[in-house]
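Shown next, in structure tokens, is the structure this report addresses.
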Amino acid sequence: MIARIRRILFALLLLTVAASAAPNEVRKSLARISNSAQEPNYRIPWLPGRGGGGSGTGWVVSKDRLVTNAHVVSNARFLTIEKENDPKKYIATVEHIAHDCDLALLKVDDPAFFHDTKPLELGGIPEIESSVSVYGYPIGGERLSVTRGVVSRVDFRPYSHSVVDSHLCIQIDAAINPGNSGGPVLQDSKVVGVAFQGYSGDVAQNVGYMIPTPVIKHFLQDIKDGHYDRYMDLSINTFNLLNPAHRKALGLQDDDRGIVVSSVQEAGVCAGLLKEGDVIMAIDTLPVASDGMVELEGERVQMAEVAERKYLGDTVNFSILRDGKPIDVAVKFTRAWPHAMQANTYEQQPEYVLFGGLLFQPLSRNLMGAYQFVNPRIDYFFDTYITKAVYKDHPDLIILTALLPDPINTYFSEFREGIVDEINGKKVKTLRDLSEAFEEKTDFYVVKFIGIGRPLVLERAAVDAARQRIKKRYNVPEEQNLTAS
């Protein structure tokens, strides 16, 4: 009996040693990242923006690369990384960054950083109620922090970094604090996620989220050709078919299968292939339930997750009912969704045109945050840019955001926050259109705005005479930036 107790105690001792050793092994694969960043300046776009900084966590994914969150290294001007038991700060650079799924790949200038490091292996999707360990360098201390949590939900939800992109996401009951971002979440010594966002304490307690391995693997596979193509998107809207009467009216069986296509965006890859009113019965042979869910790798996930696993050039196959007749439709992902106006953007200098002291800028989420517009028309066009296909007539919505006061524009304040419609009778769809319109040799420039009856009129000779005066007075080195147009 005593011998048996001793064997049990010895086994427990071995488990304790293994548990304590595991963090030490993981420790060799981790790095603290410090980012000296500079934000773009949307109010004075020809000047640098506010400097700042932050920190996060990265982990070794291969013999000479690290993975972290995109938001940890966004707008970086200088990156340093540190590892445990090494006083040196190593210089790092961003090799690939994916703002739509909040991941980034870093390389380190000095290969000595990777001495005695070990790449972490990727695992699968953890089971609900299973335990995971979160590694990182959160606020509250300088040393490595390890917290444990329980997987409470596998969901498809928005990623806060870009705001508009949604992907597979795993909720855990461990808080994700500043500094934790980018750190690996481990189960059975394998990475099952990357810590990336959470709720503030006044919203929810001990609720954090991690990016699961299907998203991590998708990012790493996408960049293998040296270029990140972004996530593919079906660009359709659907509604569920839970109502038995609706199902019967469409001639569907009582088997809880099928959802209806409610709209197809003209700029998306499904345009001309799927139609409003089509009933999607299956995607890539996977039956689509009446709530829009499919069974994928043992989990019930939204149908969009099937498209999430695709890459540029891949094809997704639909089995649909159109006017009651079964049809097979193949959709090839020839491009990612082209209009990102509603998303947060990074690493991009603001575009603008300055003409006669009038500052024109294309509408974007970044611009909305900088100006806090009071014109409700701007809010309407921003909110309905996709749903109402505003992008067809206005790929760029050009706003007169500010006036640099000068005698030439003394009476133009009423046009501030106006949306440019046309100049000298020509429609303005992009910022480049506006720039080219102002380059034309004409005596007057007549600018019409959406919803404003009276036009703004500028005399070319007066603009030419004021150009150098305005540039000197307001320290404007360049009158325009069209880098993305």
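Assorted remarks:
- Dimensions (Å) - segment 282-366, Cα atoms, principal axes, largest first: 60, 32, 26
- Computed from label points 7 Å out along Cα-Cβ, the spacing between Ser131 and Val146 is 1.2 nm.
- Scaled radius of gyration (Cα, divided by 2.2 N^0.38 Å) that segment 30-114 gives: 1.14
- Fewest-first sequence of Thr147, Thr93 by Cβ atoms within 10 Å of each Cβ: Thr93, Thr147
- The separation of segment 104-180 from segment 301-316, counted between C-alpha centres, amounts to 24 Å.
- Alpha-carbon centroid distance for the pair segment 406-472 / segment 260-295, whole angstrom: 45
- A simple charge model with +1 on the Cβ of Lys and Arg, -1 on the Cβ of Asp and Glu and nothing else charged puts the dipole of segment 352-481 at about 100 debye relative to its Cα centre.
- In segment 236-332, Cα pairs under 8 Å separated by at least six residues give a relative contact order of 25 percent.
- Restraint check, Lys217/Lys275; Lys107/Lys224; Lys388/Lys429; Lys190/Lys224; Lys190/Lys310, Cα-Cα greater than 26 Å: Lys217/Lys275
- Ranking Ile327, Val154, Met232 by Cα position along the charge dipole of the chain, where only Lys, Arg, Asp and Glu carry charges on their C-beta atoms, puts Val154 farthest toward the positive end.
- Sparse packing (at most 15 other Cβ atoms within 10 Å of the Cβ) combined with a DSSP loop state is found for the following trypsin sites (Lys or Arg not before Pro) in segment 32-98: Arg43, Arg50, Lys63, Lys88, Lys89.
- Set against the 2.2 N^0.38 Å expectation for a compact globular protein, segment 149-233 has a Cα radius of gyration ratio of 1.13.
- With R₀ fixed at 41 Å, the C-beta to C-beta distance from Lys88 to Glu297 puts the FRET efficiency at about 0.45.
- Among Ile223, Ile398, sorting on how many other beta-carbon atoms sit within 10 Å of each Cβ, with the fewest leading, yields Ile223, Ile398.
- By the Cα gyration tensor, the chain has an equivalent ellipsoid whose semi-axes, rounded to whole angstrom, run 47, 34, 17 from largest to smallest.
- Scanning residues 5 or more positions from Ser166 or on other chains, those with amide H under 5 Å from its amide H are Tyr159, with H placed 1.01 Å from N in the peptide plane.
- Protection proxy ranking, peptides 186-196, 314-324, average beta carbon neighbours within 10 Å, highest first: 186-196, 314-324
- Altogether, the Stokes-Einstein calculation at 4 °C and 1.567 mPa s, with the Kirkwood radius of segment 382-485 over Cα pairs as Rh, returns a diffusion coefficient of 87 µm²/s.
- Values of log10 I(q)/I(0), in the order q = 0.21, 0.22, 0.29 Å⁻¹, for segment 207-257 under a Debye, Cα-only, solvent-free model: -0.80, -0.84, -1.09
- Counting only DSSP H runs of at least 4 residues, each contributing -39500 (n - 2.57), and dividing by the residue count of the chain, the helix-based mean residue ellipticity at 222 nm comes to -5500 deg cm²/dmol.
- Each Lys and Arg Cβ is given +1 and each Asp and Glu Cβ -1; about its Cα centre, the chain then shows a dipole of about 920 debye.
Only the coordinates and a few stated rules stand behind these numbers; no lab work does. These numbers were taken from a predicted model, which means no experiment stands behind them. Note: ideal-geometry Cβ built from the backbone for every residue, glycine included; neighbour counts use all protein chains shown.
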